[in-house]
1. Is it true that some residue in segment 164-176 is at pLDDT 95 or above, part of a helix (DSSP H, G or I), over 22 Å from LEU97 (Cα atoms) and not acidic (Asp, Glu)?
2. With the condition kept exactly as written, say whether any residue in segment 145-153 is surrounded by fewer than 20 Cβ atoms within 10 Å (Cβ to Cβ) and farther than 29 Å from MET277 by Cα.
3. Which of the residues spanning segment 69-113 are farther than 16 Å from VAL137 by Cα, of a type outside the set (Gly, Ala, Ser) and modelled with pLDDT of 90 or more?
4. Restricting the search to segment 272-318, which residues are in contact (Cβ under 8 Å) with a residue 40 or more places away in the chain and at positive phi?
5. When segment 85-107 is examined, which residues are found to be over 16 Å from ILE191 (Cβ atoms), in contact (Cβ under 8 Å) with a residue 60 or more places away in the chain and open to solvent by 10 Å² or more (accessible area, probe 1.4 Å)?
6. Is it fair to say PHE126 is open to solvent by less than 20 Å² (accessible area, probe 1.4 Å), at pLDDT 95 or above and of a type in the set (Phe, Trp, Tyr)?
7. Please report, ordered by residue number, the helices (runs of 4 or more DSSP H) entirely within segment 197-307 with at least 1 residues that are hydrophobic (A, V, I, L, M, F, W, C) and either out of contact with any helix residue (DSSP H, G or I) (no Cβ under 6 Å at 6 or more places or on another chain) or crowded, with 19+ Cβ neighbours inside 10 Å (or both).
8. Within segment 341-359, count every residue that is part of a loop (DSSP other than H, G, I, E, B) and more than 15 Å from the chain's Cα centre (by Cα).
Amino acid sequence: MLWLMRFSGFFSAAMLVIVLSPSLQSFHPAEAIRSSHLDGHLRLPPVQIPPSDGDNRFSFRKAPAFRNADKCGSNRRGISEDTSVCDPSLVHVAITLDVEYLRGSIAAVHSILQHSQCPENIFFHFLVSETNLESLVKSTFPQLKFKVYYFDPEIVRNLISTSVRQALEQPLNYARNYLADLLESCVGRVIYLDSDLVVVDDISKLWSTSLGSRTIGAPEYCHANFTKYFTASFWSDKRLSATFAWRKPCYFNTGVMVIDLVRWRKKGYTKRIEKWMEIQKSDRIYELGSLPPFLLVFAGHVAPIEHRWNQHGLGGDNVRGSCRDLHAGPVSLLHWSGSGKPWLRLDSKRPCPLDAMWAPYDLYGHTH
């Protein structure tokens, strides 16, 4: 029976990859992918994943030209490569570029461009702590509109506490807290995305989400056990736990957020997050990295977004990184949150079935 279960898992993943293939965009992937029903007959383009020998983590193939629709900004208004970051027609996306996760970031950008109806209207804001990555982005995505922002690790080094996973302690993981300060003041809204995901839908749909009176929007998971994200000492201290007294907090994953930067700046949310990180340093009120401070500040005050925009947890838990399946429902974004990353599992020849859905967007290595 074990071999039958394994075969079934890999067969399901293969079918999902066919549906997700970026080679044909006329058949909308987000409508096609459902955990209980699969439609469509798209070809999977040949994908070559070179072995990771540790010698060159910065070798990426140049991305293909991206398809544009007649109604896109470049055709309608003559937007050129030197479009100002303040252009009101742009969709703003922020992603970190970290040496260890660089392969994932490049794949994420590739997936966004492949599935966007108007890729030339997307402006990427790359947050870095390394200063030599701009030329790599230019060579990989010659048509891309982007800007690189240096995030000084010293800003948060004294605020970071130990976590259940060392990767969660990296300073760049906290750069999302400072987007309102790093990005130009004319940028009033931004989509923040983690580096371990791929987007299989037109990101402009996520961009157009109404936040109402909220500062951030994200898929919420109100059936999750919210108490487990904080220590027993937090819940026993009425001064601390009272922060949730007048709201109904739900878990949300900070790897996919739509952020109103105007409201963020006005309310001073960066300082509020830093305050909780200071309390954590002395009282140890949580075990994870950058997530709990966001929950403390925003949980219960989040504009809910459809779950299709963050099918998270595909990287398993924070220790073993075991294989997981998709949640029920349609898919617009697949997120390998957890310790298991698809590029590492593919290179080790021990992939999970769903890792095959990430592979078509990988640009690592030379063309063979």
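1. no
2. Yes, there is a match, as at least one residue in segment 145-153 is surrounded by fewer than 20 Cβ atoms within 10 Å (Cβ to Cβ) and farther than 29 Å from MET277 by Cα.
3. Residues of segment 69-113 that are farther than 16 Å from VAL137 by Cα, as a first pass: 69-80, 83-92.
Those still in the list that are of a type outside the set (Gly, Ala, Ser) too: 70-72, 75-77, 79, 83, 85-88, 90-92.
If the condition is that a residue be farther than 16 Å from VAL137 by Cα, of a type outside the set (Gly, Ala, Ser) and modelled with pLDDT of 90 or more, then VAL85, CYS86, ASP87, PRO88, LEU90, VAL91, HIS92 are the ones that fit.
4. Passing the criteria: ARG284, GLY300.
5. CYS86, ASP98, GLU100, TYR101, ARG103
6. Details: open to solvent by less than 20 Å² (accessible area, probe 1.4 Å): yes; at pLDDT 95 or above: yes; of a type in the set (Phe, Trp, Tyr): yes.
For PHE126, the condition - open to solvent by less than 20 Å² (accessible area, probe 1.4 Å), at pLDDT 95 or above and of a type in the set (Phe, Trp, Tyr) - is met.
7. Numbers: elements: 203-207, 232-236, 238-241, 261-267, 269-283, 291-298.
Result: 203-207, 232-236, 261-267, 269-283, 291-298.
8. Pass one, segment 341-359, residues part of a loop (DSSP other than H, G, I, E, B): 341, 348-352, 358.
In the following step, the residues that additionally are more than 15 Å from the chain's Cα centre (by Cα) were identified as 348-352.
So the answer is 5.
The values are calculated or read from the model by the stated rules, or taken from the named source; none is laboratory data. Keep in mind the model is a prediction, meaning the values are calculated, not measured. For neighbour counting, all protein chains shown are included, and Cβ atoms are generated from backbone atoms with ideal geometry for every residue, glycine included. Heavy atoms of the whole protein, side chains included, go into the accessibility calculation; ligands, DNA and RNA do not. Shrake-Rupley method; radii C 1.70, N 1.55, O 1.52, S 1.80 Å.
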